[in-house]
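S.K.: Sharing a structure, written as structure tokens. Questions coming.
The values are calculated or read from the model by the stated rules, or taken from the named source; none is laboratory data. Because the structure is a prediction, the values reported are computed rather than measured. The protein model used for the area step is the full one, side chains on, heavy atoms only, and it has no ligands, DNA or RNA in it. Shrake-Rupley method; radii C 1.70, N 1.55, O 1.52, S 1.80 Å.
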Amino acid sequence: MSGGVLIATQPVARLLIEATEEQPARVLVASQPVATLVAVAEQGPAGRDGKDGPAGGSFGQITYTDRVSGPEDRFEAGARQQLRLAPGSTTVLDLLLPPFAGHVFVHDDRFWPRAPNDAYDIHINLLVVADQAGTKLKADVDVGSTLGPIQADGQELFEAAGVNERITFSFSIQALENTQRNGAAFFLKATKPVTLVSEAIYIVPQSVQPAAQP
């Protein structure tokens with residue numbers, strides 16, 4: 001039997017035969033545990049790790065953070081305005097792995113993919129303060145499509161006016177033609193005036209184009 005493994009035991013009867021020159025053979029019955037043979041499916045070889053592993057594994061991540069609030073971080077009610085990171089105050093935590101290591105994803109206030117058809121999870125984390133309680137916000141991703149933004153996400157503030165509150169917008173983006181050519185800009189719109197205290201863009205590559213797979 002292929003792949004058989006001896007496991008669990010259970011009591012069964014066993015015949016014992018004893019015989020000596022002076023005494024005829026006699027049959028004894030004894031009970032004791034014996035092993036049972038159970039069929040187990042065969043296991044294949046272990047998968048490959050690291051750069052030799054399948055697409056969709058860990059490619060690391062990178063975070064761009066701007067903790068300085070400037071004039072560009074004021075959003076008036078109803079105005080759709082682009083999120084901008086100040087170059088002089090933006091810090092980068094780069095934990096990217098090959099084939100994404102070394103790529104600059106954010107410049108000129110836009111996200112730029114590494115190669116066509118790559119896929120990414122992107123999270124926009126904002127610390128905001130609203131002029132009025134109950135403010136609603138919507139963020140969207142614009143890649144220059146004639147059909148408008150390709151994705152949008154919304155949040156509602158719960159804190160009172162003037163109190164800092166953390167919110168996050170999440171997107172999943174594939175680098176198709178418009179994204180590759182124009183990059184992706186992130187826009188924010190609020191129902192009441194808000195000010196951004198800090199901004200962070202957290203980028204997690206999810207897969208690579210077929211030609212880049214090992």
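S.K.: Quick one: pull the percent of accessible area on segment 94-214 belonging to carbon and sulfur, 1.4 Å probe, ligands and nucleic acids left out. Each step should come with its number before you reach the end.
M.R.: Numbers: 2890 of 5630 Å².
Heavy-atom surface of segment 94-214 belonging to carbon and sulfur, 1.4 Å probe: 51 percent.
S.K.: Sticking with this structure for a sec: Just the projected area, averaged over all directions, of the convex hull on the alpha carbon atoms of segment 53-197: how many nm²?
M.R.: Working: hull surface 36.2 nm².
Quarter of the Cα hull surface area: 9.0 nm².
S.K.: Moving on. What list of ³J(HN,Hα) values in whole Hz, one per residue of segment 185-197 in order, does the Karplus curve 6.51 cos²θ - 1.76 cosθ + 1.60 (θ = phi - 60°) give from phi, with Gly and Pro shown as x?
M.R.: Rounded to whole hertz, the list is 9, 10, 10, 10, 9, 10, 6, 10, x, 9, 10, 8, 8.
S.K.: With every protein chain in place, what's the accessible area of Tyr202 (1.4 Å probe, Å², nearest 10)?
M.R.: About 90 Å², ignoring ligands and nucleic acids.
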